[in-house]
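Engineer: Following this message is one structure expressed as C-alpha cells.
Nothing in this text is a laboratory measurement; each read-out follows from the coordinates by a stated rule. Because the structure is predicted, anything quoted here is derived from the model rather than measured. Heads up, the Cβs are rebuilt from the backbone with ideal geometry, glycines too, and the neighbour counts pull from every protein chain shown.
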Amino acid sequence: MDKQKLVVIVTGVIFGTLAVILSVAGNPGNMSLCVACFLRDISGAIGLHRFAAAQYIRPEVIGIVLGALFISLIKKEYAPRGGSSPFVRFVMGACVMIGALIFLGCPMRMILRMAGGDLNALVGLVGFAGGIMTGIFFLNRGFSLKRSYDQPAPEGLGLSVVSVFLLVLLILAPAFIFFSETGVGSLRAPMLLSLAAGLIVGITAQRSRLCFIGGIRDMLLFKDFKMMLAFAVIFVTVLIGNFITGGFNLGFEGQPIAHSDWLFNILGLYLVGFGSVLLGGCPFRQLVMAGSGNGDAGVTVFGYIVGAAFAHNFYLASSPAGASPNGRIAFFVCIAIVFAVAIFSTKKSSQA
C-alpha cells in the first residue's frame with residue numbers, strides 16, 4: 001500500500017471516530033462535524049442572523065482552521081495566495097451555503113447522515129454527483145476564475161486571525177454574543193473536546209488533502225479512487241460507531257434535523273456540488289485551504305457565513321417540513337448565478 005493511500009485511510013478512521021465521539025458527547029445527531037451547519041451557528045452567534053435556535057461559536061471550525069495553519073507552517077507548506085475573482089467567490093460561497101441549508105447539511109454531513117441511516121441523504125447524493133458532473137463539464141471546457149497570486153505572509157492569515165478572535169469570544173462569552181439555549185445550537189460537546197477534535201481534523205485533512213468534492217471529481221476525471229476510499233472509511237467508521245452507540249435509524253422519517261422533500265434534497269446538493277467544483281473545493285476543504293494561507297478560500301468562507309445569514313433572515317433554509325417557499329425561489333436564483341458564472345468564465349477562458 002502506497003503512503004498516500006495509507007494517509008487517506010488513517011484520516012478517514014480519525015475523522016469518523018471523532019465524529020462519533022462528538023455526537024455522543026453532545027453535538028447534534030448526524031451533525032457532529034458539519035461545516036455548513038457550524039458556520040451557520042457562528043453567523044448567528046455574532047448577530048448576523050437572529051434565528052435563536054442556531055447560535056453558537058463552534059470550536060470545531062476554529063480548530064480546523066488553526067490545525068491546518070499549524071501543520072502547514074511546520075511542514076513549510078504555508079503559501080499565502082489570493083486575488084482570483086474574490087467578489088465572484090464570495091457570491092458563489094453564499095450560493096453554495098444556501099444550497100446546503102436547503103438540503104440541511106454540507107457534503108460532510110451528507111456522509112454522516114447516510115451513516116446514521118438517513119435515506120434522505122442518499123437521495124441527496126444523486127444531486128450532489130450531478131452537480132459535480134456539471135462542474136466537470138465546464139472544467140473540461142476551460143472554466144477558470146483566473147489565476148491567484150503570491151501574497152505577503154500576513155495576507156494568508158485572515159481567517160486564522162478571525163478564528164483566534166472567535167475563540168476569545170467563545171471563552172469570554174460577552175453579552176453581545178448569542179448562544180442558543182434551546183434547539184440545535186444548544187446541542188454541543190464540551191468546548192475543549194470540540195476544539196481538540198477540530199485541531200486534529202484540520203491537521204489530518206491538510207496532510208491528506210481531504211475534499212468531498214475532489215474525491216468524486218478525481219474519480220470521474222482521472223480514475224483516481226484514493227479520496228473515495230477516505231469517504232468509504234469515514235462512512236464505515238461512523239456506521240459502526242452508530243450501531244455501537246444506538247445512533248443508527250434506517251429510514252426517511254424521524255431523522256434528526258432533516259426533511260423528506262426529495263426534490264429539494266436533490267436540488268440543494270446539486271447546487272452545492274456544482275458551485276463547489278467551480279470554487280475548487282467543498283466547504284470543509286475551503287476551511288483547510290484558508291488555514292493554509294489561501295486568501296481566496298478565506299473569501300469563500302466569509303461568503304458561506306453571509307449566505308447562512310441570508311438563509312435564516314429571509315427564511316430560505318429548510319425545516320423538517322421541507323424546503324420553504326422562499327428557499328425554493330432562492331434555489332433558482334442561486335443556480336442561475338452559478339450557471340452564469342460558469343458560462344461567462346468558460347467563454348473568457350476559451351478566448352484567452
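Engineer: Going down the list 75/226; 5/76; 146/223; 5/75; 75/223, which pairs span over 24 Å between their C-alpha atoms?
Structural biologist: Over 24 Å apart, Cα to Cα: 146/223; 75/223.
Engineer: Among 289, 31, which comes first, second and so on when ranked by fewest other beta-carbon atoms within 10 Å?
Structural biologist: 31, 289
Engineer: With no other cysteine's Cβ closer than 4.7 Å, which Cys residues of the chain count as lacking a disulfide-compatible partner?
Structural biologist: When partners are defined as cysteine Cβ atoms under 4.7 Å apart, the chain leaves 106, 211, 282 without one.
Engineer: Multiply the residue gap between residue 75 and residue 168 by 0.36 nm, knock off their C-alpha separation, and tell me the result in nm, one decimal place.
Structural biologist: This chain segment gains 30.8 nm when fully extended.
Engineer: Let's test this: bin the Cα-Cα distances of the range 234-273 at 10 Å from zero up to the farthest pair and state each bin's percent.
Structural biologist: For the range 234-273, the binned pair fractions read 25, 38, 34, 3 percent.
Engineer: Still on this model: Within 10 Å, count the other beta carbons around each residue, average over each peptide in 197-207, 125-135, 164-174, and list them highest first.
Structural biologist: 197-207, 125-135, 164-174
Engineer: Could you check how many percent of all C-alpha pairs in the chain are farther apart than 28 Å?
Structural biologist: The share of Cα pairs beyond 28 Å in the chain comes to 36 percent.
Engineer: I'd like to verify something in the chain: which complete DSSP H helices, judged by Cα projection on the helix axis, reach 30 Å or more and average at least 1.6 on the Kyte-Doolittle scale?
Structural biologist: Length and hydropathy pass: 3-25, 119-139.
Engineer: Rounded, prolate or oblate: which fits the range 71-222, taking a ≥ b ≥ c as square roots of the Cα gyration tensor eigenvalues, rounded meaning a/c under 1.5, else prolate when a/b beats b/c?
Structural biologist: oblate
Engineer: Moving on to the next point. If I stretch the segment between residue 6 and residue 347 completely, what's the gain in nm (0.36 nm per residue apart, minus their alpha carbon distance), one decimal?
Structural biologist: In short, 118.7 nm is gained.
Engineer: Compute the length gained on full extension between residue 181 and residue 53: take 0.36 nm times their separation in residues and subtract their Cα-Cα distance, giving the result in nm to one decimal.
Structural biologist: Taking residue 181 through residue 53 to full extension adds about 45.3 nm, to one decimal.
Engineer: Given springs between every Cα pair under 10 Å in a Gaussian network model of the chain, which of 68, 330, 232 has the largest fluctuation?
Structural biologist: Sorting by GNM fluctuation, first place goes to 232.
Engineer: Size of the dipole of the chain about the Cα centre, Lys and Arg at +1 and Asp and Glu at -1 on the beta carbon, nothing else charged, in debye to 20?
Structural biologist: 800 debye
Engineer: Taking neighbour Cβ counts within 10 Å as the exposure measure, how do 141, 147, 217 sort from fewest upward?
Structural biologist: 147, 141, 217
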